[in-house]
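Q: First the structure, which I've put down as structure tokens, then a few questions once you've had a look.
Nothing in this text is a laboratory measurement; each read-out follows from the coordinates by a stated rule. Keep in mind that this is a model prediction, so the values were computed, not measured. Virtual Cβ from ideal backbone geometry, glycine too; neighbours counted across all protein chains shown.
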Amino acid sequence: MLKVGVGPSSSHTLGPWRAGQRFVESLGPEMQDVTGVQVDLYGSLAKTGRGHGTDIAVQMGLTGADPETFPTEDLPAVIARIKSDCSLDLGGEQAIAFDPAAAIHFRRDEQLPAHPNGLRFTATLSDGSTRCETYYSVGGGFVVCDGEQECADVASLPYPIDTAAELIAHCDAASLPISGVVLQNELAWRSEADVEAGLDRIERTMVECVLRGCRAHGVLPGGLGVKRRAADTAERLLGGALPEHGDFFDTIDTASANFQTVLDWVGCFALAVNEENAAFGRVVTAPTNGAAGVIPAVLLYYRLFCGADQNARRRFLLTAAEIGCLFKKNATISAALGGCQAEIGVSSAMAAAALAEGLGGTPRQAAAAAEIAMEHHLGMTCDPIRGLVQIPCIERNVFGAVKAITAARLAIGRDAADARVPLDAVIRTMWDTARDMSDKYKETSEGGLAVQIPVNVSEC
């Protein structure tokens, strides 16, 4: 649920990147006989793929580069070389002719049956035969091949969870918080040391993203002329320029910070992440790239203004991830299926539950916090201007973070028994709302703000 990857979109960038890698792996020994590859993008991937960098992502995937480790600063040079040479190193080793303008097709008027985010790779071999694979990018960087079932590694879990009611029942039976139940399940796959190392890596990637974003000035790519604001905000709050290296968080005066200052810092952290995301930076899908700023902002709020230590922050991430899984299993985390409620709404619910537990809330109060956060995101559309993950996406992360903190405070301030809407009910409602929502509000740039703001482009 929390993956390290490259922006600006988990479904339109990270997913297609992974699909390209999978296609290369599927070729096996036949890769040495490939003379060319064609990529066809369908549905939402075609309609907003240019703004989301889907064409860049599939090229990188075909080269075999890993989005978790590839130096993001090298992306422009690699893509420029492929374009100028009309050549691509398939899997990093087999040079093939590849002209992106001719080989990547944005089929805006076609949609594959299983999901709006469909893409197909076709390789031509030296004997004239072809090898074809179809993939679906189903949200959050998850990718499934046509015909396969999406599932995690098979393991016998001590606490199998499909619904929030089951999660709470496990917490009651084992006298554990949500994070404790999730940890026991994680141990079915890996050692506790590996779990902790993985969580620390996720947090470190989030923090590094915030640090980069708080030091970066200028205008975001894509042609909208959106100015970065996180760095200016951080400098204003600190009363001067940030140090060029290291962690500047210890310079923040948390002891005497007033409400407005805390609010500004939370907004700054969220802006920093999503400005980096929009600039093809390295982020953590939480649960998506478009919503990647909410959890880091709330996690840093928890760390800086609530005094959370490392173990507490690990538990925060465990709880957040499980809430995200509930939405993925019973609704969606794909904006192409559910609109922005499936991204910002889910991320806000994840952060709210995690913070509520961290502030001493019971499992029922944590679930109530997730419910409150999602309840006030129901129906949110995904209508990015020019197909870029910038307007309204970046600011929405600020609001998602603030709503998460508010939801957590509301939840722990009352008896959970007084809640009238269970988390499972709001998840079902989100899914019903998603299915009722017009497709033009589902990451197509064919409705909402995307058609109200004039841009000088023929397609997104």
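Q: Quick one: which of 209-218, 99-108 comes out on top by average Cβ neighbours within 10 Å, and what's the full order, highest first?
A: Those peptides, ordered most packed to least, come out 209-218, 99-108.
Q: Tell me which of Phe248, His170, Ala342 sits at the most positive position along the dipole axis of segment 164-441, charges placed on C-beta atoms (Lys, Arg +1; Asp, Glu -1).
A: After comparing all options, I get Ala342.
Q: Sticking with this one: Taking Cα centroids, how far is segment 33-63 from segment 1-31 in Å?
A: Using only Cα atoms, the two centres lie 10 Å from each other.
Q: While we're on this one: Summing Lys, Arg as +1 and Asp, Glu as -1, what charge do residues with Cβ under 13 Å from the Cβ of Gln21 carry, Gln21 excluded?
A: Its environment carries a net charge of -2.
Q: What is the Cα centroid distance between segment 371-427 and segment 117-190, reported in whole angstrom?
A: Distance between centres, Cα-based: 24 Å.
Q: Would you compute the Debye intensity of the chain from its alpha-carbon atoms alone, equal scatterers and no solvent, and pass along log10 I(q)/I(0) at q = 0.14 Å⁻¹ to two decimals?
A: Scattering profile of the chain, log10 relative to I(0): -1.32.
Q: Charges only on Cβ, +1 for Lys and Arg, -1 for Asp and Glu: so what's the dipole of the chain about the Cα centre, in debye to the nearest 20?
A: Dipole of the chain, to the nearest 20 debye: 1060 debye.
Q: Right, here's the next one. Please list, in chain and number order, the residues 5+ apart from His105 or on another chain whose amide H is under 5 Å from its amide H, with Hs placed from the backbone.
A: Long-range HN contacts for His105: Val39, Asp40, Leu41.
Q: Same structure again: Sort the following peptides by mean Cβ neighbour count (other Cβ atoms within 10 Å, averaged over residues), highest first: 116-127, 158-169.
A: Per-residue mean Cβ counts within 10 Å order the peptides as 116-127, 158-169.
Q: If each DSSP helix of 4+ residues adds -39,500 (n - 2.57) and the sum is divided by the residues in the chain, what number results at 222 nm, nearest 500 deg cm²/dmol?
A: Helix-only estimate at 222 nm: -14500 deg cm²/dmol.
Q: Something else about it: Can you give the extra length, in nm with one decimal, that the chain gains between Val262 and Arg409 once fully stretched, where that is 0.36 nm per residue apart less the Cα-Cα distance?
A: Taking 0.36 nm per residue and subtracting the Cα distance, the gain is 51.4 nm.
Q: How tilted is helix 75-85 with respect to the longest principal axis of the chain? Cα atoms for both, answer in degrees (0 to 90, nearest 10).
A: With rounding to tens, the tilt is 10 degrees.
Q: So which of Lys83/Lys329; Lys328/Lys403; Lys329/Lys442; Lys328/Lys442; Lys83/Lys442 end up more than 28 Å apart, counting from Cα to Cα?
A: Lys83/Lys329; Lys83/Lys442
Q: Oh, and also: Just name one of Pro160, Pro100, Val398: the one whose Cα is farthest towards the positive end of the charge dipole of the chain (beta-carbon charges, Lys/Arg +1, Asp/Glu -1).
A: Projecting each Cα onto the dipole axis, the largest value belongs to Val398.
Q: Hey, if you drop one equal point scatterer on each alpha-carbon of segment 7-145 and run the Debye formula without solvent, what base-10 log of I(q)/I(0) do you get at q = 0.09, 0.10, 0.19, 0.21 Å⁻¹?
A: After summing over all Cα pairs, the log10 values are -0.22, -0.28, -1.07, -1.32.
Q: A follow-up question, please. Highest mean first, what order results for 42-49, 330-337, 244-251 on Cβ atoms within 10 Å?
A: Order by mean packing, descending: 42-49, 330-337, 244-251.
Q: Hey, what angle do you get for helix 192-213 against the long axis of the chain, alpha-carbon based, 0 to 90 degrees rounded to 10?
A: The two axes meet at around 80 degrees.
Q: Here's something else I'd like to know. Give the aspartates and glutamates reachable from Lys227 as a straight Cα distance under 13 Å; neighbours fewer than 8 places away on the same chain don't count.
A: Candidates past the 8-residue exclusion: Glu275, Glu276, Glu395.
Q: So what's the gap between the Cα centers of segment 231-282 and segment 286-308, to the nearest angstrom?
A: 12 Å
Q: Only four residue types carry charge here, +1 at the Cβ of Lys and Arg and -1 at the Cβ of Asp and Glu. Report the dipole size of segment 132-256 about the Cα centre in Debye, rounded to the nearest 20.
A: Using Cβ point charges on Lys, Arg, Asp and Glu, segment 132-256 gives about 800 debye.
Q: Right, here's the next one. Return the sequence-ordered ³J(HN,Hα) values of segment 34-51 in whole Hz as given by the Karplus equation 6.51 cos²θ - 1.76 cosθ + 1.60 applied to θ = phi - 60°, using x for Gly and Pro.
A: 6, 10, x, 9, 10, 10, 10, 10, 10, x, 4, 4, 7, 6, 10, x, 5, x
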